[in-house]
Structures are given as C-alpha cells and as structure tokens.
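Report on one structure; see the data block that follows.
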Amino acid sequence: MKVELALERFVLFLRGKGLRVTTPRREVLTLAWATHEHFGAEDLYAWAKNSGSSASRATVYRTLSLLVEGGFLGVLDTGKGHALYEHILGHKHHDHMVCLQCRLIIEFRDDQIEQLQEEAASKYGFELMGHSLTLEGHCSSCSQEGESAADPS
C-alpha cells in the first residue's frame, strides 16, 4: 500500500479515537512505510532524528503503539525483549522464523498451518480474529557453523 493511502487511513483512525493528527505522528508513519524490513523502535527513532523530524522518542513509541492498534503495523517479539515492527496494512498475512543465533528473520506462509489453526478454533467454538506464529531455531548458515565447530577433524 502506498504511503499516501496509509496516511489517509491513519488520519481517519486518529480522528476516530479523538486524537490529534500531528506532523510528528505523520512522520513516524511515513518513516515506517519507507522500509520493507523489520525494524525496532530505536531504529525508527534514529531515522526520525536523521531525517530532521521533530518526533521525540516518546512520540515514536506512542505512535508505534497506535499503528499496531490500528492494524497498520505488526509486531514481532524476537524473544530477546526487543520488539520488531513491519507494515502489514495491504500485505498478505505471513508467519516468521527467527534464528536464535544471527537473528535472521524468514517470512513464510503455509496453507496447511493456516487450515489447522482454523480447524482448532472451530473445534473449540473460538472466533479467530488473527494470529501470530513465530518459529525459533537456527538458520541453515548457523546450523552449519555449529556442526563445523563440533567436528574436531
């Protein structure tokens, strides 16, 4: 989705919550939309400072929360107390694999997993509104490094 359309929707979202539409909030969304990579709140704050934005650290964190609440951004818990964000508005749902060693993030979608989740929800009479699946392990590069280090020959 283009940043202009995301901004229009964000303005409607903010007004619907009775919140002010400020330049720093707009700048935070624009910066988040400028990347297709996963990013942390501190990354976004650094981008804001480097771009000359007037957004404070507190504004960046609060705006990120609003963007998640409004369905503009998804949040990925990397298991290290460090949340990563990605824009999801206008993108197809996907899940993640996170390498515990090098922190590589692999995005994937598996129709069988999606079907199993829907079946489980139905079995328990649960109305599924969404989900977040993160698989943790070692990527092929880190797995090979570990095997090499363990092989004394």
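Summary of computed values
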item: Candidates 12, 67, 84, 89 - the one that is in a strand (DSSP E or B) and either among the hydrophobic types (A, V, I, L, M, F, W, C) or under 18 Å from the mean Cα position of the chain (by Cα) (or both); result: 84
item: Condition broken by residue 96, with the remaining ones in (1) under 25 Å from residue 10 (Cβ atoms); (2) in a loop (DSSP other than H, G, I, E, B); (3) modelled with pLDDT of 85 or more; (4) not hydrophobic (A, V, I, L, M, F, W, C) satisfied; result: (2)
item: Single condition residue 54 does not satisfy, out of (1) modelled with pLDDT under 95; (2) closer than 21 Å to residue 8 by Cβ; (3) of a type in the set (Ser, Thr, Tyr); result: (2)
item: The stretch 122-153 - residue that is farther than 21 Å from residue 86 by Cα and among the acidic types (Asp, Glu) and, of those, modelled with the highest pLDDT; result: 127
item: Members of the stretch 25-58 found to be surrounded by fewer than 13 Cβ atoms within 10 Å (Cβ to Cβ) and touching a Pro at 6+ places or on another chain (Cβ under 8 Å), listed by number; result: 54
item: Complete set of residues in the stretch 32-77 that are among the small types (Gly, Ala, Ser) and farther than 23 Å from residue 92 by Cβ; result: 40, 41, 46, 48, 51, 52, 53, 54, 55, 56, 58, 65
item: Selection count where residues are of a type outside the set (Asp, Glu) and surrounded by 14 or more Cβ atoms within 10 Å (Cβ to Cβ), scope the stretch 78-100; result: 13
item: Qualifying residue in the stretch 112-121 (condition: assigned to a strand (DSSP E or B) and either of a type in the set (Lys, Arg) or at pLDDT 85 or above (or both)); result: no
item: Only one of 57, 103 that is of a type in the set (D, E, K, R) and over 20 Å from residue 138 (Cα atoms); result: 57
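The values are calculated or read from the model by the stated rules, or taken from the named source; none is laboratory data. What you are looking at is a predicted structure, and each value in this text was computed from that prediction instead of being measured. In this analysis, Cβ positions are derived from the backbone assuming ideal geometry, glycine residues included, and neighbour counts consider all displayed protein chains.
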